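The values are calculated or read from the model by the stated rules, or taken from the named source; none is laboratory data. These numbers come from a predicted model, not from an experiment. No Cβ is skipped: glycine too gets one built from the backbone with ideal geometry, and neighbour counts run over all protein chains shown.
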Amino acid sequence: MKKDIHPESYRVVAFKDMSNEDVFLTKSTAETKETLEVDGVEYPLVKLEISRTSHPFYTGKAKLVDTAGRIDKFKNKYNKFKKAPVAAAKEAPKTDADKK
């Protein structure tokens, strides 16, 4: 392992998931100007949009995408805009060639 390539300024940082307000503490070198008090101790705060507590993969609330169903829904929705066949009831006059 190479020497002197890893930072030495690790400290305990509070990470807050903004989607569900979950807070967890871990060591990090992330720079931040905000702080958060957890259990009477003030820690630097890093805000997250998503974490293990809100990500669908980890929570088990992932949606399966039914592509066939989605295509059918799309076709049904826009089927009303489809033009009707023109004069299907009107037939071309029969000629002598058609009678043979």
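Listed values, structure above:
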| read-out | value |
| --- | --- |
| Residue check for TYR43: at pLDDT below 65 and surrounded by 11 or more Cβ atoms within 10 Å (Cβ to Cβ) | no |
| Lone qualifier among LYS63, LYS33 - being at pLDDT below 80 and exposed (fewer than 10 other Cβ atoms within 10 Å of the Cβ) | LYS63 |
| Test: LYS90 is basic (Lys, Arg) and either surrounded by 10 or more Cβ atoms within 10 Å (Cβ to Cβ) or at pLDDT below 85 (or both) | yes |
| Residue list for the range 20-41, filter: under 28 Å from the mean Cα position of the chain (by Cα), more than 30 Å from ILE5 (Cβ to Cβ) and not polar (S, T, N, Q) | GLU21, ASP22, VAL23 |
| Options PHE15, PHE24, PHE57: the member that is modelled with pLDDT under 85 and outside any loop (DSSP other than H, G, I, E, B) | PHE57 |
